[in-house]
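Accompanying notes for the structure given below.
The values are calculated or read from the model by the stated rules, or taken from the named source; none is laboratory data. Keep in mind that this is a model prediction, so the values were computed, not measured. Please note: Cβ atoms are built from the backbone with ideal geometry, for glycine as well, and neighbour counts cover all protein chains shown.
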Number of protein chains: 2
Amino acid sequence: MQLLQSPAMRPLYLSCFSSSRYLATITFSSSSNLLPKSILPTFRTNRGFNSTPSRSRLSIRNCSSISAKPSSELRRQKGSSDSSEPDDKKLRALRQLFSKPAIGIDAYVIPSQDAHQSEFIAECYMRRGFISGFTGSAGTAVVTKDKAALWTDGRYFLQAEKQLNSSWILMRAGNLGVPTASEWLNDVLAPGAKVAIDPFLFSFDAAEELKDDIAKKNHELVYLYDVNLVDEIWKYSRPDPPNAPIRVHELKYAGVDVASKLSSLRSQLAGAGCSAIVVSMLDEIAWLLNLRGGDVPHSPVMYAYLVVTMDDAKLFVDSSKVTPEVLIHLKNAGVELRPYGSILSEIESLALKGTELWLDPSSINAAIVNTYKAAGEKHLEGLRTKGNGKSQNRDVSNGSSGQSWGPARVYRASPISLAKAVKNASELEGMRNAHLRDAAALAQFWTWLEDEIHEGAKLTEVDVSDKLLEFRKKQDGFIDTSFDTISGSGANGAIIHYTPEPGNCSIVDPKKLFLLDSGAQYIDGTTDITRTVHFGEPTAHEKECFTRVLQGHIALDEAVFPGTTVGFVLDAFARSFLWKIGLDYRHGTGHGVGAALNVHEGPQSISFRHGNTTPLQKGMIVSNEPGYYEDHAFGIRIENLLHVKEANTPYRFGGISYLAFEKLTFVPIQNKMVEVSLLSDAEIDWLNDYHSQVWEKVSPLVEGSASQWLWDNTRPLVRQ
Amino acid sequence: MQLLQSPAMRPLYLSCFSSSRYLATITFSSSSNLLPKSILPTFRTNRGFNSTPSRSRLSIRNCSSISAKPSSELRRQKGSSDSSEPDDKKLRALRQLFSKPAIGIDAYVIPSQDAHQSEFIAECYMRRGFISGFTGSAGTAVVTKDKAALWTDGRYFLQAEKQLNSSWILMRAGNLGVPTASEWLNDVLAPGAKVAIDPFLFSFDAAEELKDDIAKKNHELVYLYDVNLVDEIWKYSRPDPPNAPIRVHELKYAGVDVASKLSSLRSQLAGAGCSAIVVSMLDEIAWLLNLRGGDVPHSPVMYAYLVVTMDDAKLFVDSSKVTPEVLIHLKNAGVELRPYGSILSEIESLALKGTELWLDPSSINAAIVNTYKAAGEKHLEGLRTKGNGKSQNRDVSNGSSGQSWGPARVYRASPISLAKAVKNASELEGMRNAHLRDAAALAQFWTWLEDEIHEGAKLTEVDVSDKLLEFRKKQDGFIDTSFDTISGSGANGAIIHYTPEPGNCSIVDPKKLFLLDSGAQYIDGTTDITRTVHFGEPTAHEKECFTRVLQGHIALDEAVFPGTTVGFVLDAFARSFLWKIGLDYRHGTGHGVGAALNVHEGPQSISFRHGNTTPLQKGMIVSNEPGYYEDHAFGIRIENLLHVKEANTPYRFGGISYLAFEKLTFVPIQNKMVEVSLLSDAEIDWLNDYHSQVWEKVSPLVEGSASQWLWDNTRPLVRQ
């Protein structure tokens, strides 16, 4: 599955992907920042249900369950949400709130985000979708007293045109002359206006950037802590917050117990001169506490905050999700429970005690940071009046905004991000096992699909996704898909973020290339695999393109590199064969993958963008997914997951480890697509060796026709 | 010839290389800034002879001529300079000046630089060498009232130990616990001390950095504009400034006349909202004015400054160097002459007129920038008192220091740097021709050397360098070597910056690898080539290492890449074959090369460091020089120069040009060193095709035994 890598160290894909679309179509340029600026900063939306009166009244409909459902069903559900209410009526209701005495604003910015920078968010937090009617994953809505505009990028122009009514201006981000949201606000509002946001839905850095941008026209950024204006008008039709029960992620899969993880974290805090940390990324909390949840589709996480001090740890979560087993698990690890909505009062209390927090202003929301800052200043003031200035002038190291506020020590990246990325032996074992079961399901699936197509069945792209899910569901430990399946026949394969919609998708054409990018969440691991096949006879051009993508895939797979190597250094290996004939692809080559966790994780990446300077490390997992896309014709992508292992080199120049990759994915690559004359002997050997491993590892897990299919599809390729 | 690439966009190699040593031995690490911090900032020394009274008294000895001399002779000359005077006597004299009423300082910093950030500098500007006795290319001397310390890097520790007397503390930059010069000053001086520099010898950025660093201890940075304290004590023994006659670089080689170049430059100035530019890099001045000089060894440049406004252009140069022909050439191009020493008064006068200068604070010296700043502020003050604030608050775009000073618009890179790097058809033609004549000289040389060695001659590394020079001198248009030849037998080849010294170098051992890195300046082009050979039977390990270096060389040579590609993206191609067995090399892979100009130029590079983000462009020239070095055993490097050309790809994905390389260098690569079994068929084809081109292009230029040698050494390699 492809991922848009961000130029920033913080995995910005988190703000670029939705539950249904994973790849951003970004204009290629020499610039390292290729995200359409006018939808940046993109902000994730979600706040827990704070104990404000306005919030306690909301809770009628059930949020969609997270248990795996066929693509067809999920899609229909998403499409149907709240479209009964005319959009201009919503806008009118929203604007009426602008002039309420306690509010008094001129504009309101509604981002896509939840409060945790999540890639997949719960339906009740899709406020931008509710207010605008536009359901794409990326977009920012801005409403003034007389205008409403929505920014989205090239992936969603057509969809937004269909979904927005005439009250809305569509801002085609990235197109020439299209202003950013801030530029537009500076243009349409009279100087000195009040622009409001929900501070839970903006990272501190994003809010500061917006504040600075609109300050050029003397606009003021107003933080509405106690009320989300969209929620106010959404009211009774708003889905409930998700409340799936939390489960313990067994130690045999997690490998390290919670007490040890907390102890390591506390050492890092002490080393950095901090005495506490606030964790808001949902996968970091799940990993650290060996818990898994079901609050959002595709990611086994639960909505929560975690505060770890040197002495205690507090999990801020809706207690209805906490089973007795989880309660004991947490108690054993010394973790106390607190209501999700009480996070701000905890932050305030920590600040008033002078606690030095490790905060990442690029991911922690502005509500938390501002609360900490305000209370921290109060604390310092108290010390000053007592004549004790000990805690003053703490250095703010590596803070991305470079500002000094309160007593925090600020670091760019959460220490948990890297700890989570470097897998232990148990996590790796789980990943290997999950991949073999996934491979068995795929062997059964491809056997079925080829049979159906050859018998002339008319299957839609969605039919195919649904059937794949059926096969996966039969595997032990299956929980969910790890993202919405990208199933694209012919030209649809060239749409990098394509996800078929029921009733609006193609029949899988036996005469065209078919691209299938899918993955699953199992109890012990997470998978993500892309294969591109032809059911008939590919053209010479299709074969040449496929073969060059494959050569890039092989070159990256076989790379050996010093242990200090940054991911982007390896990216060109995957492109060089396409480059020889003037071809390329507009996405990165590899993203991190969690162990029974998020299918996209940082901090590492392998990309043509040079902003992410995280070295690859032993134990990390990355995808290897070069591609080639010919508009209106076909798409090719070949994706395996790789584990970064120590290479067994005869020398270790510089006294450092050299690294290499171990394949986790074992599904045949269609030999029919390969133009053998382009391959070197070594490349043919690679392919044959891979297929021999596929047979060896996966054949014990399948039988009957699937076993025959696996045998047929793992035979050695020979030079004609 | 290898080059240390700098992490900064500005080619920092300029501060890391001397006329005799080209490669920095830098510790490999994951950090992108690999320069030993404690000798950074390194500052280049040279000021023209300003019209201050103290300077006009200096001029007795002749500066060494720049015409090409045998390595042996040059070396002896350099070693002998002024070592008669005991160093402590010099220090005593220097310290006496500290307390003179007009001076009154506590410390003086003496860098290696000249006023132009030159790689090769004239002897009269080697002030750090004079005061300390240490003649290595890189180093900074700092003298306080009771201490004297010299910072240099690992290349020079042994040499510095020998050359420094007991008055000096050797600071081994890069070693654990060794302070930087600023840290040391902050440590040894009482707070609030006065630390002085010659502002001509520091770039503005370097001076600001020093100022900020020592301000931590409340030290003040004092700029001594009117006197260089070392010159004061050097006095009558100081060599004269160089005064080689300037010559016109003929249009048939330059390709574009001066008027056209000035016109393009003025368009760029206008586009940037500037009305003038100060050019201080000597190769930029030579290129812009189609002039060549002989003021320093190896680089055909003359000491000068150039100021180009929208209406005129003024060359600040010693008029004794200006021949009648040059005078006419300049007059035709509308360029006026001014004395070299009058640059500051010109800058002052421009500032007082409110001229908006394009200045690069990373290369223009602090004397010029500070003068401009002071006069600019005076100008603004004048405007303010007249009530006309028009020129206030100019935006300072991309200024590396981010400071706002005076009316300048500051840009990081000089626009001439890129214009010079992109060669026109005539420059390329000259480069191609010069390389063929150079190849003929090398064929004759290798024929001679192999004969001598096989007949048992005992030749030193210096003998070999001298003989190579003899062969090159016979070629049409030969002017000079383009750097001191690196001629290393056996273990000496592993010292990346090795230059043999007469009387202190090895006999070329027929049983060991021999590395020869050399180049020449011709009237029409500049060459730089490295070959590594064995005169007997290489070991299997030597062959494996050589072959992997060759595979990297081939991979880079054959690369095709999008026109937006930054050099560092290609670097890994040259290393990947070494990486497979855990080997690597600690230098970059490619540097820019001037056309009949400096052998090292920016702005492009191909390096494992990621700081230089200049995309490679059609018309640029880069070296391709992977290597491998085994301490105390052998060194391997294979270097050709390449021209970046448009690739003739069947597709142009993204609507952009794809680029590839054209080889300029045509000298056999020793087949004997190749382990054929490691090569792919395509790699064998590359080598055979290269040798067939070498024969075709160079055989018409040689005869007799050299022709036979060329034939023998261009036969196809066949798989056993």
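Could you please let me know if B:ALA595 is of a type outside the set (Asp, Glu), crowded, with 24+ Cβ neighbours inside 10 Å and more than 12 Å from chain A (Cβ to nearest Cβ)?
yes
Filter segment A:524-548 down to residues that are within 13 Å of another protein chain (Cβ to nearest Cβ) and closer than 19 Å to A:GLU639 by Cα and give me whichever is surrounded by the most Cβ atoms within 10 Å (Cβ to Cβ).
The selected residue is A:CYS545.
Hey, any hits in segment A:530-544 for a residue that's farther than 30 Å from A:ARG652 by Cα, outside any strand (DSSP E or B), out of contact with any helix residue (DSSP H, G or I) (no Cβ under 7 Å at 6 or more places or on another chain) and of a type in the set (Val, Ile, Thr)?
Scanning segment A:530-544 turns up at least one residue that is farther than 30 Å from A:ARG652 by Cα, outside any strand (DSSP E or B), out of contact with any helix residue (DSSP H, G or I) (no Cβ under 7 Å at 6 or more places or on another chain) and of a type in the set (Val, Ile, Thr).
Out of all the residues in segment B:123-143, which are assigned to a strand (DSSP E or B) and not polar (S, T, N, Q)?
Within segment B:123-143, B:ALA141, B:VAL142, B:VAL143 qualify.
Residues of segment A:607-628 being among the small types (Gly, Ala, Ser), within 14 Å of chain B (Cβ to nearest Cβ) and buried (at least 20 other Cβ atoms within 10 Å of the Cβ), which ones?
A:SER607, A:GLY627
Among the numbered criteria (1) hydrophobic (A, V, I, L, M, F, W, C); (2) in contact with a Ser or Thr (Cβ under 9 Å, 6 or more places away or on another chain); (3) modelled with pLDDT of 95 or more, which single criterion is violated by B:ALA190?
All conditions are met except number (2).
Select from segment A:95-132 the residues that are under 27 Å from A:PRO191 (Cα atoms), in contact with a Phe, Trp or Tyr (Cβ under 7 Å, 6 or more places away or on another chain) and aliphatic (A, V, I, L, M) and list them in ascending order.
Residue satisfying the conditions is A:ILE105 alone.
Give the number of residues within segment A:583-592 that are at the interface with another protein chain (Cβ under 8 Å from one of its Cβ atoms) and over 16 Å from B:THR564 (Cα atoms).
Selection size over segment A:583-592: 0.
Could we say that A:ALA259 is in contact (Cβ under 8 Å) with a residue 12 or more places away in the chain, closer than 27 Å to A:ILE479 by Cβ and either charged (D, E, K, R) or surrounded by fewer than 16 Cβ atoms within 10 Å (Cβ to Cβ) (or both) here?
Here the answer is yes, as A:ALA259 does meet what is asked.
Give me the residue from segment A:555-582 that is more than 7 Å from chain B (Cβ to nearest Cβ), among the small types (Gly, Ala, Ser) and part of a helix (DSSP H, G or I) and, out of that set, farthest from A:GLY611 (Cα to Cα).
My answer is A:ALA555.
Residue by residue, here is whether (1) acidic (Asp, Glu); (2) over 19 Å from A:GLU662 (Cβ atoms) holds:
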site	(1), (2)
A:LYS511	no, yes
A:GLN521	no, yes
A:THR526	no, no
A:THR539	no, yes
A:ARG548	no, yes
A:ALA555	no, no
A:GLU558	yes, no
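Report those helices (runs of 4 or more DSSP H) wholly inside segment A:144-232 carrying at least 1 residues which are closer than 23 Å to A:VAL369 by Cα and aromatic (Phe, Trp, Tyr).
A:204-215
Under 17 Å from B:ILE523 (Cβ atoms) and crowded, with 24+ Cβ neighbours inside 10 Å - does that describe any residue in segment B:306-325?
No, there is no match, as no residue in segment B:306-325 is under 17 Å from B:ILE523 (Cβ atoms) and crowded, with 24+ Cβ neighbours inside 10 Å.
Enumerate the helices (runs of 4 or more DSSP H) found wholly within segment B:269-368, keeping only those where 1 or more residues are farther than 22 Å from B:ALA413 by Cα.
In segment B:269-368, the matching helices (runs of 4 or more DSSP H) lie at B:324-332, B:343-352.
Can you name the residue in segment B:178-195 that is surrounded by 18 or more Cβ atoms within 10 Å (Cβ to Cβ) and within 27 Å of the chain's Cα centre (by Cα) and, of all such residues, is farthest from B:ILE103 (Cα to Cα)?
Across segment B:178-195, the extreme among qualifying residues is B:THR180.
Need the failing condition index for B:GLY177 against (1) touching a residue at least 24 places away in the same chain (Cβ under 8 Å); (2) more than 17 Å from B:ARG92 (Cβ to Cβ); (3) small (Gly, Ala, Ser), just the number.
Result: B:GLY177 passes all but (1).
With the structure loaded, tell me whether B:VAL326 is in contact (Cβ under 8 Å) with a residue 24 or more places away in the chain, out of contact with any Leu (no Cβ under 6 Å at 6 or more places or on another chain) and not polar (S, T, N, Q) or whether it fails that test.
yes
How many of the residues making up segment A:574-603 are of a type outside the set (Lys, Arg) and within 28 Å of B:ILE656 (Cβ to Cβ)?
Summing the residues that are of a type outside the set (Lys, Arg) and within 28 Å of B:ILE656 (Cβ to Cβ) in segment A:574-603 gives 15.
List, please: which pairs have Cβ atoms under 8 Å, are six or more places apart or on different chains, and start with a residue in segment B:100-127 that is on the phi > 0 side of the Ramachandran plot and surrounded by fewer than 24 Cβ atoms within 10 Å (Cβ to Cβ) and end with one that is hydrophobic (A, V, I, L, M, F, W, C) and not in a loop (DSSP other than H, G, I, E, B)?
Taking only residues 6 or more apart or on different chains, the pairs are B:GLY104/B:PHE98.
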